[in-house]
Each structure stands twice: as structure tokens, then as C-alpha cells.
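The values are calculated or read from the model by the stated rules, or taken from the named source; none is laboratory data. Predicted model only: the values in this text are computed from it and were never measured. Backbone-built Cβ (ideal geometry, glycine too); neighbour counts: all protein chains shown.
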């Protein structure tokens, strides 16, 4: 039969683990928020890069067509 002291120790350990888990969940939520912001920024940079490459492509294509006399 478990002793009262053992039960109290287990209860204290469970409380400590619960507090740690709450802290971890708060940290996890803040990390998720930062990751979402970074993904938005990366998506914007990817779109900007595609637009810049398209502009360069049309610029060089236009110059090539001018040199060919078309």
C-alpha cells in the first residue's frame, strides 16, 4: 500500500510536469507564430524573384528581337 508521503511526492512531480508542459505549449505557440511569419516573408520573396526574372527575360528577349530586326 502506497504511503502518504509517496503519494504527495508523486502529486508534486505531476504538478511540476504540468507547469513545464504549459510553458512548453506557450513556447511552441510562439515558435509557430514566428514560423508562419517567416513563411509569409519567404513566399513574398519567391514571388518577387519570379517577377524580377520575368522582367529580365522579357528585357533580354526584346533586345534580341531588336538585334534580329524583328
Inset, instruction - State whether one or more residues within the range 54-66 are under 30 Å from the mean Cα position of the chain (by Cα) and free of Cβ contacts under 8 Å to residues at least 12 places away in the same chain. - result: yes
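For (1) at pLDDT 95 or above; (2) surrounded by 10 or more Cβ atoms within 10 Å (Cβ to Cβ), each residue gets a yes or a no:
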site: 3; (1), (2): no, no
site: 8; (1), (2): no, yes
site: 11; (1), (2): no, yes
site: 17; (1), (2): no, yes
site: 21; (1), (2): no, yes
site: 24; (1), (2): no, yes
site: 44; (1), (2): yes, yes
site: 48; (1), (2): yes, yes
site: 68; (1), (2): no, no
